[in-house]
Each structure stands twice: as C-alpha cells, then as structure tokens.
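Novice: Following this message is one structure expressed as structure tokens.
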Amino acid sequence: MIVEHLESYEIALVIWSFLFILLGLQGLISVYLDGEVEQVEVRPAKPAPWPVVWFMLLLTAANVGTAWEFAQQLFHGASPSSLGQLAALLLFILAALIGLYRRYFIADVVVAQERDDGVPW
C-alpha cells in the first residue's frame, strides 16, 4: 500500500493540507463567481460572449455523452472504478456548467450587512 511507510501524523498532515487546498479553491471560485462586493446593488447578468455559449453547448454534449456511457457501462457490468470515474466526470462537467450559467445568465443581488461580532478590531 502507498501509505505503509507514513506515520499517522504524516497522514494527518496530508489530509489537513488537502482540506486547506480545497477551502482555498472554494474561496478562489467564490471570488471568481461573485467578485469583490463593495455596495448593495442588483447587478444584471453579464452578456455571454459566443465562445462561452459554444463552450456550454460542448459541455452539455459531453455531459449527455458521459451519462450515456455511464448508463451503458452500468447495464453491462463494468468495474466499480470505471463507474466511479465516469460519475466523477459527470459531476465535474455539471459543476462547470452550473458555474458558467451562474456567472453569465443569472442576475446578482448583493446584500451587505454590518459585521457586529463584538471583537474590537
């Protein structure tokens, strides 16, 4: 096994680093989708350029094709690892589609609140 030579604290450090990387990526994606919020407003949806629309159509076709392949392998008794990889690919494509749709086709309502947590900064 890969982790036979690692101690338990080293495995814990690897897991914590993966967790912080995941949280950092989530923050970067959030800033990319929402941007920096300065004031309360309603921001209209950005007009999507044609490459984004074509890319979304390509992702939709890839998602349908991957779903078809997943169903075919499911009924033909494929290995669980290949089914898991196809399911992960389906979810990543779906996440990309949702992110692009959110970015270019949904108007944003920015709500800002004063932070009153009692900490004297």
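Novice: Quick check: Cα centre of region 47-112 to Cα centre of region 8-33, how many Å?
Specialist: Here the answer is 23 Å between Cα centres.
Novice: Using Cβ contacts closer than 10 Å as the measure, can you line up ASP34, ASP108 from fewest to most?
Specialist: Listing ASP34, ASP108 from fewest to most nearby Cβ atoms yields ASP34, ASP108.
Novice: Moving on to the next point. Taking amide H atoms as placed 1.01 Å from N in the peptide plane, list the residues 5 or more away in sequence, or in a different chain, whose amide H sits under 5 Å from that of ALA78.
Specialist: Long-range HN contacts for ALA78: none found.
Novice: Right, something else. Using a 10 Å cut-off around each Cβ, can you sort GLU10, GLU4 from fewest to most neighbouring Cβ atoms?
Specialist: GLU4, GLU10
Novice: Can I ask one more? In whole Hz, what ³J(HN,Hα) sequence does region 42-48 give by Karplus (6.51, -1.76, 1.60; θ = phi - 60°), x for Gly and Pro?
Specialist: 10, 9, x, 5, 6, x, 7
Read-outs: derived from the displayed coordinates by stated rules, not from any lab. For clarity, every value in this text was computed on a predicted model and none was experimentally measured. FYI the Cβ positions are ideal-geometry reconstructions off the backbone, even for glycines, and counts take in every protein chain you see.
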